[in-house]
2 protein chains.
Amino acid sequence: MDIAVVNSLSYEQFVEVFGNAVEKCPLVAAAVWSSRPFTSIADIDDAFGHFIDSLPDSGKEGVLRCHPDLAGRDLQSGTLTADSLAEQSQAGLTQLGVAEAERIAVLNSQYKLRFGFPFVICARMNDKTSILQQLSQRLASDHAHELTHAIGEVKRICSLRLQALVCPTHLGPAQPNHVPPRL
Amino acid sequence: MDIAVVNSLSYEQFVEVFGNAVEKCPLVAAAVWSSRPFTSIADIDDAFGHFIDSLPDSGKEGVLRCHPDLAGRDLQSGTLTADSLAEQSQAGLTQLGVAEAERIAVLNSQYKLRFGFPFVICARMNDKTSILQQLSQRLASDHAHELTHAIGEVKRICSLRLQALVCPTHLGPAQPNHVPPRL
């Protein structure tokens, strides 16, 4: 999608296309539309990052709380967003053994109890082994560092989703949630 | 729902119950969970209001852009949230004559073109006559005043939705989007 096309989108169209760049937070894309015109994909990506950074800590925690547990209830019940299913599948989280599934469930619960938000990691940049390893490690963080780290992961996920939506050929077959609107 | 019950909700349960208190912005409820424990419904309501106020202008515009047009495409296609359908129905917007429907469609378009977000008004506190009147009047506002006014309407809608969720008997039959979680 050419940047001129992105800049020509109405806010309804922009939210339809980019509404899940940050998982289940269409408010973020809807806010980013205010930053048009964009000069490049990187510029759009920056606008998403700047908006997330502008949120108070409670808002950053809110962004994290809109994410599903990795290999959690939404995966089991088939209610993941298409984006998240594709990402968790690529990382091998849809094909866990019983022991691995139990281990990640226990760690997810401990993590949520400790921090009050779910463990978020850019699954496309990890596999199930490194995810389990980082989940264990990050459980030992303090709250402020972990919030910063987790928001960094949200931005990584967002960057790859934007890239897949605007330049799908760069990442192989795209897994968009939304069909681009007719223009 | 007793305030002690609200305070006992996990963030997943809280977002399930209150996620649409601000239309299609579960991020707001997810952020407000950080403000527990709450002392009263008014305290929850204040937390939603304070969070919205904490957003930069682009975020406030983003909140507005997550709202549907009144008597617009989502109503016609049956894709409104249950909350919004109940509110628009109560205001008489589901039973407009052809001329009224055309008039509101034209004014909605002019409004969105002028401000970059849709016209938002607390439909439960208005009827179709006063809605059309205020839509015409607010079209003449400047951007800053209109953003403030529209966010005030978002808060009114939010307050009534919270009241209906926590104390449904105060408002007659409740129209919740979500079934309260099993506790």
Report task. Pull up the range A:8-46, narrow it to residues that are of a type in the set (A, V, I, L, M, F, W, C) and part of a loop (DSSP other than H, G, I, E, B), then point me to the one that is nearest to the other protein chains (Cβ to nearest Cβ). Result -> A:Cys25
Query raised in the report: Considering the range B:30-78 alone, what residues qualify as being among the small types (Gly, Ala, Ser), surrounded by 15 or more Cβ atoms within 10 Å (Cβ to Cβ) and farther than 22 Å from B:Leu132 by Cα?
Result: B:Ala30, B:Ala31, B:Ser34, B:Ser35, B:Ala47, B:Gly49, B:Ser54, B:Ser58, B:Gly59, B:Gly62
Query raised in the report: Is there a residue being within 17 Å of the chain's Cα centre (by Cα), at pLDDT 95 or above and within 22 Å of B:Glu61 (Cα to Cα) anywhere in the range A:68-81?
Result: no
Query - Whichever residue in the range A:1-20 is surrounded by fewer than 18 Cβ atoms within 10 Å (Cβ to Cβ) and of a type outside the set (D, E, K, R) and, among such residues, is farthest from B:Gly59 (Cα to Cα) - result: A:Met1
Report summary line: Within the range B:48-67, residues over 12 Å from the mean Cα position of the chain (by Cα) and at the interface with chain A (Cβ under 7 Å from one of its Cβ atoms) come out as B:Phe51, B:Ser54, B:Pro56, B:Ser58, B:Gly59, B:Glu61, B:Gly62
Requested in this report: Could you list all residues from the range A:47-80 that are closer than 16 Å to A:Val154 by Cα and in a loop (DSSP other than H, G, I, E, B)?
Outcome: A:Leu55, A:Pro56, A:Cys66, A:His67, A:Pro68, A:Asp69, A:Leu70
Query - Lone qualifier among A:Asp74, A:Asp83, A:Asp57 - being touching a residue at least 60 places away in the same chain (Cβ under 8 Å), acidic (Asp, Glu) and farther than 27 Å from A:Leu9 by Cβ - result: A:Asp57
Requested in this report: Output the qualifying pairs, or none if there are none: Cβ atoms under 7 angstrom, residues six or more apart or on different chains, first residue in the range A:101-127 and within 19 Å of A:Val22 (Cβ to Cβ) and away from every other protein chain (no Cβ under 14 Å), second residue charged (D, E, K, R) and assigned to a helix (DSSP H, G or I).
Outcome: A:Ile121/A:Glu153; A:Cys122/A:Glu153; A:Cys122/A:Arg156; A:Ala123/A:Glu87; A:Arg124/A:Glu87; A:Met125/A:Arg156
Query raised in the report: When you look at B:Leu93, is it more than 11 Å from chain A (Cβ to nearest Cβ), among the aliphatic types (A, V, I, L, M) and either under 15 Å from the mean Cα position of the chain (by Cα) or crowded, with 16+ Cβ neighbours inside 10 Å (or both), yes or no?
Result: yes
Requested in this report: Name the one entry in B:Asp83, B:Asp74 that is over 19 Å from B:Tyr111 (Cβ atoms) and out of contact with any Phe, Trp or Tyr (no Cβ under 8 Å at 6 or more places or on another chain).
Outcome: B:Asp83
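The values are calculated or read from the model by the stated rules, or taken from the named source; none is laboratory data. For clarity, every value in this text was computed on a predicted model and none was experimentally measured. No Cβ is skipped: glycine too gets one built from the backbone with ideal geometry, and neighbour counts run over all protein chains shown.
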